[in-house]
Every structure is written in structure tokens, then in C-alpha cells.
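Inspection log for the structure reproduced underneath, given as C-alpha cells.
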Amino acid sequence: KIIIVGEWDKTLEEPCSVLFGSTMVPAQQLKPGVISVICPPSPLPCTVQVQIVSPDGHIVSGGTREEGEYHTFTYKDHSSPTSWLSVVNTNFHHSLINRLEALESQVQILSSKRFAGDLQHKLCCIALRILSAMPKAMSLPPAPRGLRLIHLAAAIGYSKLVLLLLRFTHLSECNPSCMDDMGNNAVVWACVGGNPNTVYLLLKYYPYLQTSRDGWGRPLRSVYKAGMKRKRGETAARTIQLHYRTYRQRMEVKNAAATRIQAKFRGYKQQCHFEQVRRAVIVIQQTYRDRVRSRIVPATSSTKEVAAKTIQRRWRQRAKSSTSPITLYRIFNLARN
């Protein structure tokens, strides 16, 4: 089932259809702009164009290849070991929790009890509570891709959970000999995950599984080498990411320290510059005051007498010379002033 969300015509009426390549399938409009459709099967892995068709046969959304706005859907190939045995621990954790929830709803055990410890210990407690209340002849819900609890726990590498599940081998959910949809048992999944402890645990209690092969006929040794190689690569990648993250954190700390030092140095330089300017202003003000004081000399009685005698002497000298009366008058006024 696929949910298609887009901004096509909001007035699209039912029954609309979706065109996957050349295959037309009916769709259901949940609300304006949201359509639910069942994807048609494809015999081969391929990428097809997806278009929404109105009841009158008009293409509402999807665009064309020439416009560069067309939408595609990719059919993946799950028949190869590379795609089927691709182990992503996050996905397996989610699948394991979903499987436990499905079994819990099937057994109808509802409890709000909280368990302490790490995730593996909590899963062990929940699985023990569910499997203890599960009868032998009980019909279980189908597992996605045929992956049961024993397969998921072996792929993740939860040895404690695997050891707990081996106590309930009368159930198909916990039998290590059971196969998934592609013919892989629990030992194969433990080898794929690169978990030597889980592989040793399963082969210790079930040594006949040493001759097991995966769904493509490869022996356990080849599957285990490929799984360990992939796990070493993931470990190296995580180590590199951790070192890079640590390096970035250290660089951020150094950059922050350098920024603080620069800010303090900037403040110190500004303070020194301000002090220099203040001292220069003080020196200029002091020099200006000294010059003004040197020009303005307070007049005393002795300086007044000397000035008067000098003026009188100059007046007598000019008076003895042939000077016009106007000039004498000016000199007299000057002397009087």
C-alpha cells in the first residue's frame, strides 16, 4: 500500500486511478491531496513512472519526462543475497519489537509493568512473559518475510535472547531450524550479522546446523566471512565517525577559546588605544594652558611705569622732529590710551 501526497487539483473526484508505467490500478482518495493505492506486482526489478489519472482519463499529476517533473517508483530485487541479507541493526530492532507486539496482541497479554536494565534484558523479560503464556497449538500471525524472533535475535546478536528462545523450541517462532521465505535459518542470520558468540551458541546446542546453507547455496563459512567483513567495515566507519565527531568537538572548543582570546585581545587593544588618546589629549590641554598663561601676564605697577616712560620718550622724539599736527595728535591719543 502506497500513500501518494501531492498538490494536484483539489477537486479530483472519485474513482481516480494511478498509472504505474503501463499498469492502471484503482485508487482511493483519503482527503484532498492524499491518495491511497495498492502497488501492482512486477516480475522484474525496474523503475516505472507514476501518474494520477482522473475518472475521465485525464492525467492530473505526474508530469512528463521532457518536463523533468515526472515521479517514479522503484521495484527492488529481493531475490539476490545482497538485498535480502542486508543487515541494518536499526531495522532489525524495529522488526523485533513489532514482532513481539504482534505476538503480545495475539496472546492478549496486556501489562503496564516496566522492566529495568538494558534493551536486551527488557526484550528477554517481555519475550519470556509472552512465550510462557503461548499454547503449543496456537496459530501465530504471519511474520514479514518469514523472519521470526529467533532470526531477528540472531541477526542482531542478542545471545541472551537467543538462549531464552531455545527454551521454547516447540514453537516455530523459536525453532532455529525454521527457514524464512528465502530458506535461511537462524545460524545463517547469525553469520550474516557477524555475531560469533551467537553462532557458537547455536552450533553448540544444534551441531547438525553446521551443514546449513543459505537460500542461494552458499556454505556457512562464506556467509560468515562476508558478514564479518561487512561488520568490520561498519565498525571502522563508526570509529571514523566517532573520531571525526570528537575532532569536530575539539575544534569547536579551540575555536571558541580562540574567539574569546581574540575578543579579549581586541578589548585590550581598544583599551590601550583609549589610554594613548587620553594621555595625548591631556598633554595637548596642558600645553595649551601653558601657552595661554605665558601670553597673559598680569600687569604690575612697575610694568605700567616702564610703558608710560617709553611712550613719553617716543612722543618727545617725534615732537622734536618735523611732524605734522595730525600725527602728533594720533601719538598723543595713543599715549593717553
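Please tell me if Leu201 is crowded, with 16+ Cβ neighbours inside 10 Å and more than 23 Å from Lys229 (Cα to Cα). Explain how you work it out, then say what you get.
Working: crowded, with 16+ Cβ neighbours inside 10 Å: yes; more than 23 Å from Lys229 (Cα to Cα): no.
It is false that Leu201 is crowded, with 16+ Cβ neighbours inside 10 Å and more than 23 Å from Lys229 (Cα to Cα).
Tally time: how many residues in the stretch 192-244 are free of Cβ contacts under 8 Å to residues at least 40 places away in the same chain, over 25 Å from Leu163 (Cα atoms) and of a type in the set (Phe, Trp, Tyr)?
Residues in the stretch 192-244 being free of Cβ contacts under 8 Å to residues at least 40 places away in the same chain, over 25 Å from Leu163 (Cα atoms) and of a type in the set (Phe, Trp, Tyr): 1 in total.
For the stretch 119-173, which positions are open to solvent by less than 20 Å² (accessible area, probe 1.4 Å) and assigned to a loop (DSSP other than H, G, I, E, B)?
Result: Met134, Leu147, Leu171, Glu173.
Of all residues in the stretch 209-240, which are part of a helix (DSSP H, G or I) and open to solvent by 100 Å² or more (accessible area, probe 1.4 Å)? Explain how you work it out, then say what you get.
Within the stretch 209-240, the subset part of a helix (DSSP H, G or I) is 209-211, 220-240.
Those that are part of a helix (DSSP H, G or I) and open to solvent by 100 Å² or more (accessible area, probe 1.4 Å): Gln210, Thr211, Arg221, Lys225, Lys229, Arg232, Arg238, Ile240.
Only one of these conditions is not met by Ser79: (1) at pLDDT below 85; (2) farther than 30 Å from Ile130 by Cβ; (3) of a type in the set (Ser, Thr, Tyr); (4) under 32 Å from the mean Cα position of the chain (by Cα). Which number is it?
(4)
Any idea which of (1) modelled with pLDDT under 70; (2) outside any loop (DSSP other than H, G, I, E, B); (3) over 23 Å from Arg145 (Cβ atoms) is the one Leu30 doesn't satisfy?
Failed condition: (1).
Among (1) open to solvent by 90 Å² or more (accessible area, probe 1.4 Å); (2) modelled with pLDDT under 80, where does Ser294 come up short?
Exception for Ser294: condition (1).
Taking the residues in the stretch 174-185 that are in contact with a helix residue (DSSP H, G or I) (Cβ under 6 Å, 6 or more places away or on another chain) and farther than 14 Å from Arg99 by Cβ as candidates, determine which candidate is least open to solvent (accessible area, probe 1.4 Å).
Pro176
Conditions tested, residue by residue: (1) hydrophobic (A, V, I, L, M, F, W, C); (2) out of contact with any strand residue (DSSP E or B) (no Cβ under 7 Å at 6 or more places or on another chain); (3) closer than 21 Å to Ser105 by Cα; (4) at pLDDT below 90.
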position: Leu128; (1), (2), (3), (4): yes, yes, yes, yes
position: Ser132; (1), (2), (3), (4): no, yes, yes, yes
position: Ser159; (1), (2), (3), (4): no, yes, no, no
position: Leu166; (1), (2), (3), (4): yes, yes, no, no
position: Ser172; (1), (2), (3), (4): no, yes, yes, yes
position: Asn184; (1), (2), (3), (4): no, yes, no, yes
position: Leu203; (1), (2), (3), (4): yes, yes, no, no
position: Arg213; (1), (2), (3), (4): no, no, no, yes
position: Tyr224; (1), (2), (3), (4): no, yes, no, yes
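State yes or no: is Ser159 touching a residue at least 12 places away in the same chain (Cβ under 8 Å) and hydroxyl-bearing (Ser, Thr, Tyr)?
Values: touching a residue at least 12 places away in the same chain (Cβ under 8 Å): yes; hydroxyl-bearing (Ser, Thr, Tyr): yes.
Yes.
Inside the stretch 95-108, can you point out the residues that are open to solvent by 60 Å² or more (accessible area, probe 1.4 Å) and either modelled with pLDDT under 85 or not in a helix (DSSP H, G or I) (or both)?
Scanning the stretch 95-108 gives Ser105, Gln106, Gln108.
The values are calculated or read from the model by the stated rules, or taken from the named source; none is laboratory data. Worth saying up front: this structure is predicted, and the values here are computed from it rather than measured. Here Cβ is always computed from backbone atoms with ideal geometry, including for glycine, and neighbour counts include all displayed protein chains. What goes into the accessible areas is simple: the full protein's heavy atoms, side chains included, and nothing from ligands, DNA or RNA. Shrake-Rupley method; radii C 1.70, N 1.55, O 1.52, S 1.80 Å.
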